[in-house]
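No lab work stands behind these numbers, since they all come straight from the coordinates. What you are looking at is a predicted structure, and each value in this text was computed from that prediction instead of being measured. Here the Cβ is made from the backbone with ideal geometry for all residues, glycine too, and neighbour counts use every protein chain on show.
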Protein chains: 2
Amino acid sequence: MSSIADAVRLGPGPVDLAAIDTDAAPGYDGDKVSGAADLEAMRDELAELQERLFAEGKTGGRRSVLLVLQGMDTSGKGGTLRHTVGLFDPQGVRITSFKAPTEEERSHDFLWRVERALPEPGYVGVFDRSHYEDVLIARVRELAPADEIERRYDAIVDFEQRLVDGGTTVVKCMLHVSAAEQRKRLLARLGDPTKFWKFNPGDIDERAYWAAYQQAYEVALERTGQAAPWHVIPADKKWFRNLAVGTLLLEALRGLDPQWPAADFDVAEQRARLEDEAPPR
Amino acid sequence: MSSIADAVRLGPGPVDLAAIDTDAAPGYDGDKVSGAADLEAMRDELAELQERLFAEGKTGGRRSVLLVLQGMDTSGKGGTLRHTVGLFDPQGVRITSFKAPTEEERSHDFLWRVERALPEPGYVGVFDRSHYEDVLIARVRELAPADEIERRYDAIVDFEQRLVDGGTTVVKCMLHVSAAEQRKRLLARLGDPTKFWKFNPGDIDERAYWAAYQQAYEVALERTGQAAPWHVIPADKKWFRNLAVGTLLLEALRGLDPQWPAADFDVAEQRARLEDEAPPR
């Protein structure tokens, strides 16, 4: 399964998104049925590793995991939350959905609101969109001056290096869909009254900037991989997207290899206290 | 299934917790196996109602659900989060675990930190412990003057009435275990190295105050049911606890009966835009 992780991980150097097939299942031999089964098969190990990490965090540990989900509209961030992040115990997960910044948020540095949403020790934090919007839509739609955008790439690397140094494993995923697949998914939303709420006419406006967005992603992916690598996950196949993100989370947790904390009390003494106790009435 | 809800809901008047059997399954005829199956059978309806509420919240709706979980140590708040709250799409859930207040929190009114944790429109918020600690442990361990504790009961009712008036359905559950069951669960933690981290010698100290805690619960349950009723859920049987909380959440969502939002755009026009578009390259 870790061959998926290797296959989707970006190394250093230029990125050509057009050369990465959005409909592929790199590093995986199976199909939709086996993909769903293989994801389900991760459930118990994911849950146990997550609980160990949570236990570690409750007993003085400082480590955590942060999943960063980026992708064009309809690329499946919500579906990934449901199907993959949904495998975890919700008690140990903290999801933050980043929208257009509020006035207060805009009055601060772009990393201010991100800093406040970082996972506590022991938690799996999930960013549904992230600080990367500040070099993606901000670049494409010129929401900040060019020199400010330039500054942000290095600021992001420094920020993520600090997270990593502080014990956070940062797992960055770009869900990669094609313009044709997005069109299909937007049409599906328009064909289903239970999905109208997910549609915004502005989503079609943004398609006029498709090439600019792809380029902005390429620049961001190239310039921000130093502290934590990027993964480009072909996302036309929803089952592969779910499986790939699950695989990366499993790999991250296995890498941390959290252990059940030892007792910081005398177990026999505490047992004796309970056994000798006059029962409360 | 709604007979469970009726059976665990408190009406007005004095509360005698000793008279409520912690090992019962009120309003339910089945056993552990059917209880787990009946909970699982709620999954699809819970998920759809939750998504409708979420959709409503994304399109201008103001309604939300807030589940308040209270109970003695080992009563199963964590298990309820995992097994019942875990049925929801994590995207629409916001869990807050309230610990002993920080210095900053103590410098404000006791409801300050609670206010900041309220669910946004469309969300299911979950409080793992809550503002009720401020009339439970605070009363038993005299963490605040008696007249301040007195003041808090009415303040809580006013606060919850404001939530309800603002569109939040508040579902309050006390997970009710016996002292004997708690002893068994604490001994189980001491007998399993994967559970040592959940144990704290202070948990045994608190058992000396068991009767005082039960009394503090009785006073709280009696005095704070006006805006949102309390439910006392027998929690010695974990499967019943999970099923009962699931039933209450399902009932709350059915009561809201959220509808898929209508399109606030011309569907045909948007379809035509996509169909006529020069595809992005």
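Given (1) over 20 Å from B:F159 (Cα atoms); (2) within 14 Å of chain A (Cβ to nearest Cβ), where does B:Y217 come up short, assuming only one miss?
Failing condition for B:Y217: (1).
Filter segment A:77-100 for residues that are assigned to a loop (DSSP other than H, G, I, E, B) and of a type outside the set (G, A, S); which is nearest to the other protein chains (Cβ to nearest Cβ)?
Here the residue is A:D89.
Could you give me the residue pairs with C-beta distances under 6 Å whose first residue belongs to segment B:43-63 and is within 9 Å of chain A (Cβ to nearest Cβ), whose second residue is of a type outside the set (S, T, N, Q) and assigned to a helix (DSSP H, G or I) wherever it lies, and which are 6+ apart or on separate chains?
Going by the 6 Å Cβ cut-off, the qualifying pairs are B:F54/B:G92; B:A55/A:W197; B:K58/A:W197; B:T59/A:W197.
Being over 28 Å from B:E56 (Cα atoms), buried (at least 19 other Cβ atoms within 10 Å of the Cβ) and either in contact with a Phe, Trp or Tyr (Cβ under 7 Å, 6 or more places away or on another chain) or free of Cβ contacts under 8 Å to residues at least 40 places away in the same chain (or both) is the requirement here; does A:Q215 meet it? Let's see the steps before the verdict.
Numbers: over 28 Å from B:E56 (Cα atoms): yes; buried (at least 19 other Cβ atoms within 10 Å of the Cβ): no; either in contact with a Phe, Trp or Tyr (Cβ under 7 Å, 6 or more places away or on another chain) or free of Cβ contacts under 8 Å to residues at least 40 places away in the same chain (or both): yes.
Criteria not met by A:Q215.
Look through segment B:249-275, keep the residues that are crowded, with 17+ Cβ neighbours inside 10 Å and more than 7 Å from chain A (Cβ to nearest Cβ), and return whichever of them is farthest from B:P229 (Cα to Cα).
The residue in question is B:P258.
Of everything in segment B:101-122 that's charged (D, E, K, R) and within 21 Å of A:G125 (Cβ to Cβ), which residue is farthest from the other protein chains (Cβ to nearest Cβ)?
Residue satisfying both the conditions and the ranking: B:R113.
It is to be established whether one or more residues within segment A:166-179 are more than 19 Å from the chain's Cα centre (by Cα) and facing chain B (nearest Cβ under 9 Å).
Going through segment A:166-179, the residues more than 19 Å from the chain's Cα centre (by Cα) turn out to be A:178-179.
Okay, now just the ones that are also facing chain B (nearest Cβ under 9 Å), so A:179.
So far as segment A:166-179 goes, yes, one or more of its residues are more than 19 Å from the chain's Cα centre (by Cα) and facing chain B (nearest Cβ under 9 Å).
Output the residue which, of all residues in segment B:232-244 that are outside any helix (DSSP H, G or I) and of a type outside the set (V, I, T), is nearest to B:G13 (Cα to Cα).
B:P234
If you scan segment A:206-231, which residues turn out to be assigned to a helix (DSSP H, G or I) and among the small types (G, A, S)?
A:A211, A:A212, A:A216, A:A220
Every residue in segment A:152-205 that is part of a helix (DSSP H, G or I), free of Cβ contacts under 8 Å to residues at least 40 places away in the same chain, among the acidic types (D, E) and under 17 Å from B:V267 (Cβ atoms), please.
Residue satisfying the conditions is A:D205 alone.
Filtering segment B:38-62 down to residues that are within 17 Å of B:A263 (Cβ to Cβ) and not in a helix (DSSP H, G or I), which residue is nearest to the chain's Cα centre (by Cα)?
B:G61
Mind checking whether some residue in segment A:53-73 is under 23 Å from B:H83 (Cβ atoms) and surrounded by fewer than 20 Cβ atoms within 10 Å (Cβ to Cβ)?
Yes, because at least one residue in segment A:53-73 is under 23 Å from B:H83 (Cβ atoms) and surrounded by fewer than 20 Cβ atoms within 10 Å (Cβ to Cβ).
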